[in-house]
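The values are calculated or read from the model by the stated rules, or taken from the named source; none is laboratory data. Just so it is clear, the model here is predicted, and its values are computed rather than measured. Note that each Cβ is placed from the backbone with ideal geometry, even for glycine, and that neighbours are counted across all protein chains shown.
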Amino acid sequence: MRVLLFFPASGFWGAALADTDNIVLEHLRHIRRVVDEVHEDIREVTLRFGFLVADVANIRVRLDEISRRFDRLESRFEHIERRLDLVEA
């Protein structure tokens, strides 16, 4: 957008043209920097989220292993209790 201004005190036309262009360019550069920063932040969050997903998957595997061990222990205890006649058959 070009704006032609007249400055009556100096009798000068058009001094604001370059300033308007510079201001727009400065704003566009600032917006670009912010977009780049947000893009980098999103990359980092995505990477961290991937690590979290992997960690949760590992936790689930470990919980399944622990659950199976408890099941085996429970069946062993039941077997011991029956052999010692601690429970009614």
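Couple of notes before you dig in:
- The set of residues in region 59-82 being modelled with pLDDT of 90 or more and either among the basic types (Lys, Arg) or touching a strand residue (DSSP E or B) at 6+ places or on another chain (Cβ under 6 Å) (or both) consists of ARG60, ARG62, ARG68, ARG69, ARG72, ARG76.
- The residues on offer are VAL56, VAL24, and the sole one that is of a type in the set (A, V, I, L, M), modelled with pLDDT of 95 or more, more than 30 Å from VAL87 (Cβ to Cβ) and in a helix (DSSP H, G or I) is VAL56.
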